[in-house]
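Participant: Dropping the structure in here first, questions after.
Bear in mind that the values in this text are calculations on the coordinates, not laboratory data. Just so we're clear, the structure is a prediction, and the values are computed from it rather than from any experiment. Methodologically, a virtual Cβ is constructed for each residue, glycine included, from the backbone with ideal geometry; neighbour enumeration extends over all protein chains shown.
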Amino acid sequence: MKINTDGVLLGALAEANDPASILDIGTGTGVIALMLAQRFISAKIDAVEIDELAAATAAANFKNSPFADRLTCYPLSLEDYSNGHPSKRYDLIVSNPPFYINSLHSPEKQKQLAKHADQNFFENMLTDVSNHLSDAGTCWLILPLQTTVAVKAIAGSVGLVIRKIIHVRSFADKEAHREILALSFGSHKLEEEQFVIYESAGIYTHQYKHALREFFTIF
């Protein structure tokens, strides 16, 4: 789970207006945080990761990057991080969180931790997001469709509104399989966009290549 399409799409497409502070929830090995450090050259980025091995890898990746002085990894759960930093506020919060709510759990512990969650996980996460998001800040999440229904409902209960949805499709003639959600405070007219990854089998769209050309050497 070092690099995946969901993560790089979130890192490339999450929008913010010159954020001074960024929080990456569940950073894994740090790919999204590193992409955001490359995009937002003035931002200080905190990354939290509950898996100790992944957090150690992220910390090493941060240290060896050109952005080392702006990246910090905390090997903690979001709850523990939030309790230890109750007053911190962020202009941009991102997360590629566990995918599946109340589904069959993976037999491998690490994969179960990375991919599965229950309803309480998202309730707690969005509560912490609302507590740490600056007044004008935005939280961006990438989720499978079966999870976004619950997340949209939970967001409203903690004072967050959906301001943008990017519908992600593998092919133009296929149904969306992911949604990237932008959440914030206040009242906003909902924006919606379509994002298509492949023109045909093995051939990326111009849209995908344009989004990732600053990060992937193949483009």
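Participant: Where the only charges are on Cβ atoms (+1 Lys, Arg; -1 Asp, Glu), what is the dipole of the chain about its Cα centre, to the nearest 20 debye? Please list the in-between numbers first.
Facilitator: Working: 19 positive and 25 negative charges, 65 e Å.
About 320 debye.
Participant: May I ask which residue of Val161, Asn4, Ile45 lies farthest towards the positive end of the charge dipole of the chain, with charges of +1 (Lys, Arg) and -1 (Asp, Glu) on Cβ and the Cα centre as origin?
Facilitator: Looking along the dipole axis, the top candidate is Asn4.
Participant: Using θ = phi - 60° and the Karplus curve 6.51 cos²θ - 1.76 cosθ + 1.60, what whole-Hz ³J(HN,Hα) does each residue of segment 23-32 get, with Gly and Pro shown as x?
Facilitator: Computed from phi, the couplings for segment 23-32 are 10, 10, 8, x, 5, x, 8, x, 4, 5 Hz.
Participant: Taking H as built 1.01 Å from N, whose amide H comes closer than 5 Å to the amide H of Thr27, not counting residues under 5 places away?
Facilitator: Long-range HN contacts for Thr27: Val48, Glu49.
Participant: Pop out the ³J(HN,Hα) list for segment 37-51 in order, Karplus 6.51 cos²θ - 1.76 cosθ + 1.60 with θ = phi - 60°, rounded to Hz; leave Gly and Pro as x.
Facilitator: The phi angles translate into 5, 5, 6, 10, 6, 9, 7, 8, 10, 9, 10, 10, 8, 6, 7 Hz.
Participant: For a quick check: with amide H placed at 1.01 Å from N, whose amide H comes under 5 Å from Arg178's, ignoring anything fewer than 5 positions away on the same chain?
Facilitator: For Arg178, the qualifying residues are Val168.
Participant: Search the structure for amide H atoms under 5 Å from the amide H of Tyr90, placed 1.01 Å from N in the peptide plane, and list their residues when 5 or more places away or on another chain.
Facilitator: Leu133, Ser134
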